[in-house]
């Protein structure tokens, strides 16, 4: 009897220890993650099928070119992996155009810029292969933790100074960056 209780307790703990990532449409995902928003023009669905989205990280006048590039590439990889982790889409095109954040006498102003920019079109299978080969993740779900925050594997692909690094991940996905 005690063995059965121990096994049952283990099963309860092991099945509740991992919470599956949030699932929904790309709009629901973006809202749930709260990193971008249609309300402030940092997110837009350009086309539903095949899915094409725009993400617009905030930049400020005077940011170093390297800082802006990292924000743009990070948004591109974010769009790819948030799409495939949280939706059923099999392909996504991500366009990244930063928004210039300026404070003025009448408050904050966000202006969509044309450059720099980035684009990438990738399938679920391609993104999965890159996640395995570059990030060492056995599945797309391995790129997030129980709270849908990026796992250490994904975090290592989101910054230039880490290994494998943002540039390597972006290159492997085929992100095209235009300064």
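The values are calculated or read from the model by the stated rules, or taken from the named source; none is laboratory data. Not measured: the values here are computed from a predicted model. Cβ atoms come from the backbone with ideal geometry, glycine included; neighbour counts cover every protein chain shown.
Can you find, within region 60-81, the residue that is nearest to the chain's Cα centre (by Cα) among those that are outside any strand (DSSP E or B) and surrounded by fewer than 16 Cβ atoms within 10 Å (Cβ to Cβ)?
Looking at residues that are outside any strand (DSSP E or B) and surrounded by fewer than 16 Cβ atoms within 10 Å (Cβ to Cβ), I get 67.
Name every residue in region 87-113 that is at negative phi and out of contact with any strand residue (DSSP E or B) (no Cβ under 9 Å at 6 or more places or on another chain), in order of residue number.
If the condition is that a residue be at negative phi and out of contact with any strand residue (DSSP E or B) (no Cβ under 9 Å at 6 or more places or on another chain), then 88, 104, 105, 106 are the ones that fit.
Among the residues of region 82-107, how many are touching a helix residue (DSSP H, G or I) at 6+ places or on another chain (Cβ under 8 Å), closer than 16 Å to residue 52 by Cβ and not in a loop (DSSP other than H, G, I, E, B)?
Result for region 82-107: 7.
If we scan region 142-162, do we find a residue that is more than 15 Å from the chain's Cα centre (by Cα) and outside any loop (DSSP other than H, G, I, E, B)?
No, the conditions are met nowhere in region 142-162.
Confirm whether residue 127 is assigned to a helix (DSSP H, G or I), in contact with a helix residue (DSSP H, G or I) (Cβ under 7 Å, 6 or more places away or on another chain) and touching a residue at least 40 places away in the same chain (Cβ under 8 Å).
yes
Which number in (1) touching a residue at least 40 places away in the same chain (Cβ under 8 Å); (2) more than 24 Å from residue 28 (Cβ to Cβ); (3) in a strand (DSSP E or B) marks the one condition that residue 121 misses?
(2)
Restricting attention to region 40-71, which residues are modelled with pLDDT under 95 and on the phi < 0 side of the Ramachandran plot?
Scanning region 40-71 gives 40, 61.
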